[in-house]
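These notes are about the structure you will find just below.
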Amino acid sequence: MKCSLVAVLICSPVILLAQLIDNNQFVPEIDWKIIQTAHYRIIFPSEISIDAMRVANNLEYLYPAIGKTLKTEPKKWPIILNSRNAATNGYANLIPKKSEWYATPGQDNEIGLPIDFWDLLAIHEGRHTAQFDKNNRGFNRIAYIFGGNLSLLGMQFFSVPFWFLEGDAVCTETALNESGRGRMPAFGMEIRANLLSGIRTPYHQAFMRSYKNYYPNHYRLGYYMTTYVRRKYGADSWSRVLDLTAKHSYNPFAFSRSLKKVTGKNTSKIYDAAMDNLTTLWQKQLADTPLTQATILSDTNSDIWTNYVYPSYRNDGSILTIKYGLADPATLVNVFSDGKEEKIRQIGGSGRISYGGNIVAWSEENPHPRWANDVYSDICTFDLDSRQYKIITENGKFFSPSVSPDGRQIAAVEFDSTRHCAMVLLNAQTGQILQRFPNPENYFFRNPSFSSDGKQIVFTRQRFQGVALSILSLENGGIVDILPESFENIQHPVFYGQYILYESPYSGIDNLYAVDIVNHDRFQVSSRKFGAFYPCVSSDGKRILFSDYTVNGHFLAEMPLDSSNWKPLSTVSRNPVNYFEPMIAQEQGSGFFSEKKLPKNQYEIHDYKPLEHLMNIHSWFFYPSSVASTFGVLSNDLLNTTAVSLGMTYNANEKSVGYEANASYAGFFPIIDAGFKYGDRVTTITNNGEIETDHWNERGYSIGFRIPLDLSVDYHNTSLELISVLSYLSVNHRENTISQFDGNVMPVSAKVAYNRYDTPAPRDIYPRHVFSGSLSISHTSFNSDYRVSIGSATATFRFPGLAKHHSLGVTAGLEFQSTDDYRFASAVQFPRGYEVVDCDRLYDGALTYSFPLFYPDFALGSLFYLKRIRATGFIDIGRGELGAVKKNYSSAGFEIRNDCHFFDLLVLPISLGARFSYRIDEKDWRVDFILGY
């Protein structure tokens, strides 16, 4: 009878603890408020009440338009305004149902638009809410009835491609206001460069992307595909496609087939037609655009997509720049006159770098160790003489630094958690704020740059009427506008004598322009084929350095700087390809989202108490079967502090019922996880040759504490997690049953896990440097009827291999377990090629070498897409001991893996393959199937 009980315990979870929530919480001291409108619940920190009121008005104003062409009216949505995260982002989700908007506008091209960032999100994320509600019909509605939002979200991602969701939102944001990404030539630049260079990327490679050839993300692909369909087949075309898709969303090909019913073309054919249409329009634009010449300075022999951005002249004649691409993470490099490069260091920042006095500066996002929704942006410097890296500010919100010519000061944009913006002057060595310049109207500043004498700063500023080009005097703090506010997307201005040089899409292609500071006359400086960016003037004022986009990325380019060769703006032909124009009429017409039309209602603001909203059931599940049927519910609160899972199972064979509950609360510094399980069990056993029935119940409790810490800094992504868990599992037999043995086990567990890796390049199979390790111990204590303890230690190291994207791995593990009829699951990887064997002591070491073989980019319609084939060679050496039995487990072999996608599921990359292991002691081969992510 004891053996049967042990089997029951081994098959039951000992640590009945589900970690239902991550560490993505807000700092606890935020004073939350709420505005209730007819269609939205806006939840926000009290310090941004004025911004929240504008958001409420804009959302209600946009409401009739946001779902117009999808023929849907979104249900009431919660909107979370996040003023503590320095990232530029926003999203809509269904688990739970909410849309969260980050407060910080972008500094650079894609999100650095001449529109208030939350005005942009009101349209873009508002369109996502309409998409979600539009898809809640047909078979999706049935899925929702049986599974709630989790099932609805799953069916949407299964049946509707990501490019549609984001492309349709970009199309809407572009049509409903005077800005939007679809109006920016740089947004479509990579696709335009491919098409005008004779490169037609196949549809599935364009959507799933490639390790071999670069293609921009699904936002850009989706914008042009969704816009093409609306231009060709009418404003309601996508509404009809989504209606048909939702009816048959269980079919992975439903979207393509529905598109064919509406347009006569499936997804691939629509893509081809859109690319044909764009090619014609862009060829005509190019034919009507006179081009200027430039000298390419960077290596042009490589066919791997590589970018050199934010270049600066150095005193020794070399060029300092950021290099990144398919094969390279963001790296600070020197490029010499002969084209050779010197790698200085990898960097962790995004956005521009600035150089002055042999100091390089950039901004980096640094998360709070525990509260992941509290993300800072601090200024980092690197001294090119001493090779010293420093973070000179702490827990700040500083962006787009510009180093003064002498390297002593740094001008930066400060954008704090109240959404107040300021231009600040920092000490380049200490980060101390030397001066904060007043900005009473709270314009948002971008791209500051010092004059050559260090007495002025040029920058762009914007609020609700577009962007202006301005100069700040450091002597008196006065600001003078050189160009007035407009929706021309001016970026990256720099001084050049009596002129300001800047980027602009004025002609229809982003290029370099100049404006006279005194008389405000404007000129075109460059007219490059695809786009010119990030101007830098040589110290003698005779040359201009910039990033010139080509089909293989941004190359370094140089031109003589002679104002007599510039073209007056009045003579520059404006020849944009406004692909979005028909959408304006389909939506609300021109000028719909102008500032003068937006309402200024005053809504009531109330306290929002998170503790009163911890339960928020969004999904449920029912899995019927002939043996056991399970019903459960899932809950997550809107601020991601509490998650709950409740379930009940009926076993038809045993005619028994079981209950389970798990909860996680993350409002404290340690996250608290708790679990409970109770159920009746019935089985038949043989007793003295007779088959009899045995009845018992199982009862389990658990409580755990974990502290997940994000210690990332620079390009080192680092995490540390501390976990402790106390569990209790009991088996109690009923009276008058044949079994007389009851038992319980009460394990106490603790674990420390550390992980650190360097940000990889897209082609890297593994990050170039990795260290991860864990220590864990579990021990039964108190009144446990079973005594067992286990201690485990694991470590993994990875290093660069012999060539790019190769990886050498070393792993080691050891484990000790003492047991009395009960055994914990092992935490150490067993040598490959062997079935896992219980051991009292286990020692394991492995050496691996991984490398890419091919980048096939092979598509079998929408069924299967193969991106990469890679190989791993390995040697495993292990030793296990069980009582007096000692055995070696050693193997060597190789793995072949295919990185692929099925059914056009961009969000679900899969690694499939086979492992061939030669077991050294047994002298035989074993083949195993591999499935991973």
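The values are calculated or read from the model by the stated rules, or taken from the named source; none is laboratory data. This one's a predicted model, so the numbers in the text were calculated from it and none came from an experiment. Ideal geometry is used to build each Cβ from the backbone, glycine not excepted, and the neighbour counts take in all protein chains shown. Side chains included, ligands, DNA and RNA excluded: accessible areas come from the protein's heavy atoms. Shrake-Rupley method; radii C 1.70, N 1.55, O 1.52, S 1.80 Å.
So the values come out like this:
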{"read-out": "Point-charge dipole on Cβ atoms (K/R +1, D/E -1) for the chain, about Cα centre, debye to 20", "value": "2160"}
{"read-out": "At R0 = 56 Å, FRET efficiency that the Cβ-Cβ distance of Glu342 and Ala652 yields, to 0.05", "value": "0.20"}
{"read-out": "Entries in Lys212/Lys323; Lys232/Lys597; Lys340/Lys804; Lys75/Lys260; Lys340/Lys397; Lys212/Lys390 that, when Cα-Cα distance is taken, lie over 27 Å", "value": "Lys232/Lys597; Lys75/Lys260; Lys340/Lys397; Lys212/Lys390"}
{"read-out": "Segment 295-566, relative contact order in percent, only Cα pairs under 8 angstrom and at least six apart counted", "value": "14"}
{"read-out": "Length-normalised contact order for the chain - Cα pairs under 8 Å, 6+ apart - percent", "value": "11"}
{"read-out": "Phe157, Phe858, reordered so the largest accessible area comes first (probe 1.4 Å)", "value": "Phe858, Phe157"}
{"read-out": "Accessible surface of Glu364 - all protein chains present, 1.4 Å probe, nearest 10 Å²", "value": "0"}
{"read-out": "The chain: antiparallel DSSP beta bridges as a percent of all, rounded to 5", "value": "95"}
{"read-out": "Estimated distance in nm for a label pair at Gln498 and Ser570, the labels positioned 7 Å out from Cα along Cα-to-Cβ", "value": "1.7"}
{"read-out": "DSSP-assigned coil residues among trypsin sites (Lys or Arg not before Pro) in segment 53-133, each with at most 16 further Cβ atoms within 10 Å", "value": "Lys71, Lys75, Lys76"}
{"read-out": "Cα extents of segment 617-662 along the three principal axes, largest first (Å)", "value": "42, 15, 8"}
{"read-out": "Additional length obtainable on full extension of the chain from Ser538 to Val682, 0.36 nm per residue less Cα span", "value": "43.4 nm"}
{"read-out": "For the chain: accessible area per residue (Å², 1.4 Å)", "value": "41"}
{"read-out": "Nitroxide proxy distance, nm - points 7 Å out along Cα→Cβ at Asn93 and Glu441", "value": "3.8"}
{"read-out": "Accessible carbon and sulfur surface of the chain relative to its total accessible area, %, 1.4 Å", "value": "54"}
{"read-out": "Pair Asn277, Asn476: separation of 7 Å Cα→Cβ label points (nm)", "value": "5.5"}
{"read-out": "Order by protection proxy (mean Cβ within 10 Å, highest first), peptides 826-835, 794-803", "value": "826-835, 794-803"}
{"read-out": "Under 5 Å, built H, 5+ apart or other chain: amide partners of Ser527", "value": "Thr292"}
{"read-out": "Packing rank of 705-713, 172-180, where each peptide gets the mean count of other beta carbons within 10 Å, highest leading", "value": "172-180, 705-713"}
{"read-out": "Pairwise FRET efficiency - Ala825 versus Asp607, Cβ, R0 = 56 Å, nearest 0.05", "value": "0.75"}
{"read-out": "Sequence of Glu73, Glu60, Glu100 when ordered by accessible area, the most exposed leading, probe 1.4 angstrom", "value": "Glu73, Glu60, Glu100"}
{"read-out": "Ellipticity estimate at 222 nm from DSSP helix runs (n ≥ 4, -39,500 (n - 2.57)) divided over the chain, nearest 500", "value": "-5500 deg cm²/dmol"}
{"read-out": "Accessible area in the full protein assembly, largest first, 1.4 Å probe, for Met746, Met53", "value": "Met746, Met53"}
{"read-out": "Fully extended contour minus Cα-Cα distance, from Gln293 to Phe592, at 0.36 nm per residue", "value": "103.6 nm"}
{"read-out": "Segment 560-660, relative contact order [Cα under 8 Å, separation at least 6], %", "value": "15"}
{"read-out": "Using a Förster distance of 45 Å, the FRET efficiency for Leu814-Ser626 (Cβ separation, nearest 0.05)", "value": "0.50"}
{"read-out": "Net lengthening on full extension, Asp31/Ile910 (0.36 nm per residue, minus Cα-Cα)", "value": "312.2 nm"}
